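The values are calculated or read from the model by the stated rules, or taken from the named source; none is laboratory data. Treat the numbers as computed from the prediction; the structure is a model and nothing was measured. Backbone-built Cβ (ideal geometry, glycine too); neighbour counts: all protein chains shown. With ligands, DNA and RNA removed, areas are computed over all heavy atoms of the protein, side chains included. Shrake-Rupley method; radii C 1.70, N 1.55, O 1.52, S 1.80 Å.
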Amino acid sequence: MRPKTEALIAIDIQNDFCPGGALAVAQGDAVVAPVNALMAEFPVTILTQDWHPAAHSSFAGSHPGAAPFSQIALPYGKQVLWPAHCVIGTQGAAFHPGLNTDQADLILRKGSDPALDSYSAFFENDRQTATGLEGYLRTRGITTLTFAGLATDFCVAWSALDAARLGFSVTVRTDACRAIDLDGSLRQAMSAMQAAGISLD
Ligand code: VGL
Ligand code: ZN
């Protein structure tokens, strides 16, 4: 077991990001077994859930005439418009049935403000509204974070980059992540994480 200063943060391992889901990531379900195995090593495990109201502003369907995977400008900046996914209370928003949720110390839900998306587990996409995760980690004396889950180039990368910026020591287990890879987003995310001093294992 690793020291009590270390936590595993497993991002958005939900049905909608797995094959057959509304925003399926290729081989998204392949992260389940390695993440379950990682939980056994860590004294603290945190799971996140993307958790959107039905008419969320990040959904293409909320913007008449807009195509899924196009981009628009919202008051807080550029936003990719996604197919509707992870709608509160639906099966698509549920964790993959193979994920060992019994091990979770904390389940953090994000993206519930209809006007604001939240890729990162720390801040919503305005980069200012905090989720409270930083306070949870600091008050527990956690300094070192390992990330895994979905998707490498969006919610995992944004979470890991925020964690590094906040001064945590950060590793991303790329073997336990899978990417959306929209217009070179994976390459861009990997170089941003490398530049931020994140270890990519
Ligand atoms: C995610 C796009 C939209 C993710 C969530 O979990 O990476 N990507 N919402
Ligand atoms: Zn989302």
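Summary of values
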| item | result |
| --- | --- |
| Rounded to 10°, Cα long-axis angle of helix 185-195 versus longest principal axis of the chain | 40 degrees |
| Local electrostatic count, Gln79, Cβ distance below 14 Å [Lys/Arg +1, Asp/Glu -1] | -2 |
| Part-to-part distance (alpha-carbon centres) for the stretch 54-87 and the stretch 119-155, which is given in Å | 22 Å |
| Inter-label distance for Gln71 and Arg165, nm, one decimal - labels placed 7 Å from Cα along Cα-to-Cβ | 1.7 nm |
| Qualifying trypsin sites (Lys or Arg not before Pro) in the stretch 37-133, DSSP loop, other Cβ atoms within 10 Å at most 14 | Arg127 |
| Chain lengthening between Asp126 and Leu200 when straightened (0.36 nm per residue, less Cα-Cα) | 24.0 nm |
| The chain: relative contact order in percent, alpha carbon pairs under 8 Å with at least 6 residues between | 25 percent |
| The stretch 67-150, relative contact order [Cα under 8 Å, separation at least 6], % | 14 percent |
| Per-selection Kirkwood Rh - the chain (Cα, Å, 1 d.p.) | 16.7 Å |
| Dipole magnitude of the chain, debye to nearest 20 (Cβ charges: Lys/Arg +1, Asp/Glu -1, about Cα centre) | 320 debye |
| Antiparallel DSSP beta bridges within the stretch 19-109, percent to nearest 5 | 40 percent |
| For the chain, with +1 on Lys and Arg beta carbons and -1 on Asp and Glu, the positive-most of Gly197, Gln79, Ala30 along the dipole | Gly197 |
| Rounded percent of accessible protein surface that carbon and sulfur make up, the chain, 1.4 Å probe | 53 percent |
